[in-house]
Each structure stands twice: as structure tokens, then as C-alpha cells.
Amino acid sequence: MKKFDELVEIIKRLRSPDGCPWDREQTLESLKPHLLEETYEVLEAMDEGGNKLMGELGDLLLQVVFQSNICAEKGEFSIEDVVQSISEKMIRRHPHVFGDLTDVKTSEQVLVNWEKIKKEEKEHEDRLSFLDGVPVGLPALLRAEKLQKKASKVGFDWPEIHGVIDKVEEEIAELREEIKVQNKKKAEEELGDLFFALVNLSRHLGVNPEVCLNSASAKFEKRFRYVESRCDLENASLEEMDNLWNESKK
């Protein structure tokens with residue numbers, strides 16, 4: 001594609017001896033925070049769509065091309081290799097579309113087959129568990145959700161949501177008990193179990209826990225700013241702030 005090739009050439013020029021000093025200095029390590037930042041900006045722009053999302057996807061694509069160029073300079077692989085690799089992977093993992101597999105009819109069957117194919121691939125040959133491949137560095141809520149989804153693909157899951165709700169209530173009760181006896185270490189452990197159970201609940205509700213928590217944070221921020229704009233926080237009583245908080249809900 002002409003425009004994509006043009007982007008590749010732009011990055012090569014920026015990395016050339018007569019290119020940009022900042023771009024020439026970058027390494028895979030130095031680009032990590034930029035990749036993370038661009039990813040979160042794409043996630044935010046997805047709610048808005050349109051030109052905002054288009055621009056942020058472009059920034060994310062830049063990171064892919066930039067890192068591929070650095071690796072090409074080392075003689076490891078090129079952006080063409082990246083494109084070829086993902087194209088082959090998509091064909092290989094969709095034998096029900098590009099091959100002769102006919103017994104995969106539902107999304108659930110697709111996901112189970114996907115994991116089975118992944119385990120047979122050379123790049124994943126060291127994976128011994130269905131849970132392998134979930135990065136430790138993921139945000140905690142996202143990692144919990146991915147672990148749960150992987151276990152669910154092989155049938156290890158609550159059959160219905162009421163069992164999940166019961167588990168949440170059980171974890172709350174256990175947390176209360178550890179707080180009551182002032183066992184901070186155990187309370188921390190039980191709080192982690194509660195978070196994990198809540199992620200499970202959000203999954204069964206079909207709600208993304210990251211999006212859900214971000215929405216709650218945005219709501220809190222909006223209401224707190226309302227309180228802040230109508231009183232002197234340093235001198236206001238808790239009762240006054242609480243009344244303004246309730247007022248903000250209306």
C-alpha cells in the first residue's frame with residue numbers, strides 16, 4: 001500500500017545519519033513508555049471515534065513501524081516480515097475460514113481452537129499451561145480478566161452469574177473477618193480475592209472492568225469537582241461536603 005510504504009520511508013529517513021537526532025537515539029527500551037502511552041490514548045479515543053481515533057491509531061501504528069525499523073537495522077527482521085508473520089498467523093488460526101475445518105460454528109469453539117493452535121506454534125512451544133502467555137506486566141484488572149477468560153475457554157468457570165455474586169459476598173465476609181481481628185496481611189490477601197471476584201463478576205455481566213472502573217473514577221471526579229467549586233475544602237466540615245456531594249448527584 002503506497003501510504004504505508006511512505007510511512008516506512010519516513011521512519012527510515014528520520015533514523016538516517018542526516019535525520020532527526022531524537023529519533024536516531026531511540027531504542028526498543030526507550031520506546032516502551034511511548035508505546036504504553038499511545039495504547040492508552042487509543043483506548044480513550046475509542047469512546048469518541050472519528051478523527052480522534054484515526055489520529056491515535058496512526059500514533060500507535062508509528063510505534064510498530066518505528067520498532068520494526070530498529071530491528072531491521074540490527075538485521076533481525078523488517079516491517080515486511082512483521083506483516084507477513086501476522087498474515088500467516090491469521091490464516092493459520094482460522095482454519096474454519098481459510099481451511100477445511102467444518103466443526104467450528106460458535107465463538108466459543110473458535111476460541112478453544114485458537115488456544116489449541118497457539119500451543120502447537122513454534123513461538124509458543126514452551127507453553128505448558130492454558131494460562132501461559134498472559135503478560136505479568138499487564139494492568140492488574142486486565143490480567144485477572146485474561147486469566148479468567150483462558151480458564152473459561154476449557155470450561156473452568158461458574159455456570160451462571162448467581163454463583164459469582166455469592167463468591168463476591170463470601171470474599172467480603174472473609175475480608176470483614178480479617179479486618180475485625182486486625183490481621184493486615186490477611187486482609188490484604190482477602191482484598192485481592194475480592195478484586196479478583198469482582199473482575200469475574202464484570203466478565204459475567206459482559207462489562208470490561210477497566211472501562212467500568214474508569215467510568216466510576218470519572219463520576220467521582222465530576223462530583224468531587226462540584227463539591228470543590230462550592231466550598232472551601234480546607235475549612236468545610238465533612239457534613240457540608242457530604243451534603244454537596246449528594247447535591248451533585250441530582
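The values are calculated or read from the model by the stated rules, or taken from the named source; none is laboratory data. These numbers were taken from a predicted model, which means no experiment stands behind them. Heads up, the Cβs are rebuilt from the backbone with ideal geometry, glycines too, and the neighbour counts pull from every protein chain shown. Ligands, DNA and RNA are stripped out before the accessible areas are found, and what is left, the full protein with its side chains, is counted by its heavy atoms. Shrake-Rupley method; radii C 1.70, N 1.55, O 1.52, S 1.80 Å.
General observations
- Taking the charge dipole of segment 107-250 about its Cα centre, with +1 at Lys and Arg Cβ atoms and -1 at Asp and Glu Cβ atoms, the residue from Leu233, Ala173, Asn183 reaching farthest to the positive side is Leu233.
- Prolate/oblate/rounded call for the chain, Cα gyration tensor, a/c under 1.5 rounded: oblate
- Per-residue surface analysis assigns Ile172 an accessible area of about 60 Å², computed on protein heavy atoms at 1.4 Å probe radius.
- The length gained on full extension between Ser152 and Lys222, counted as 0.36 nm times the residue separation minus their Cα-Cα distance, comes to 21.6 nm.
- Cα lying deepest toward the dipole's positive end in the chain, options Leu131, Val42, Val154, charges on Cβ: Val154
- Residues of the chain: accessible area per residue with a 1.4 Å probe, Å²: 71
- Of Lys3/Lys116; Lys118/Lys184; Lys149/Lys249; Lys32/Lys150; Lys32/Lys146; Lys32/Lys105, those spanning more than 30 Å from alpha-carbon to alpha-carbon: Lys3/Lys116; Lys118/Lys184; Lys149/Lys249; Lys32/Lys105
- Separation of segment 144-218 from segment 21-73 is 33 Å, based on Cα centroids.
- Inter-label distance for Val207 and Ala173, nm, one decimal - labels placed 7 Å from Cα along Cα-to-Cβ: 2.3
- Computed on protein heavy atoms with a 1.4 Å probe, the accessible areas place Tyr40, Tyr226 in the order Tyr40, Tyr226, largest first.
- Relative contact order, percent, segment 1-100 [alpha-carbon distance under 8 Å, six or more residues apart]: 22
- Extended-chain gain in nm, criterion 0.36 nm per residue less alpha-carbon gap, Met241 and Asn214: 7.4 nm
- Helical contribution to [θ] at 222 nm, DSSP H n ≥ 4, -39,500 (n - 2.57), averaged over the chain, rounded to 500: -24000 deg cm²/dmol
- Sorting 157-164, 231-238, 145-152 by average packing, meaning the other beta carbons within 10 Å per residue, from highest down gives 145-152, 157-164, 231-238.
- The spread of Cα positions in segment 3-120, taken along each principal axis and listed from longest to shortest, comes to 56, 38, 27 Å.
- Expressed per residue, the C-alpha convex hull volume of segment 7-53 stands at 89 Å³.
- Of all accessible heavy-atom area on the chain, the percent that carbon and sulfur account for (1.4 Å): 57
- Residue order by solvent-accessible surface for Val136, Val83, Val181 is Val136, Val181, Val83, largest first, with ligands and nucleic acids left out and a 1.4 Å probe.
- Across the chain, Cα pairs under 8 Å and at least six residues apart give a relative contact order of 9 percent.
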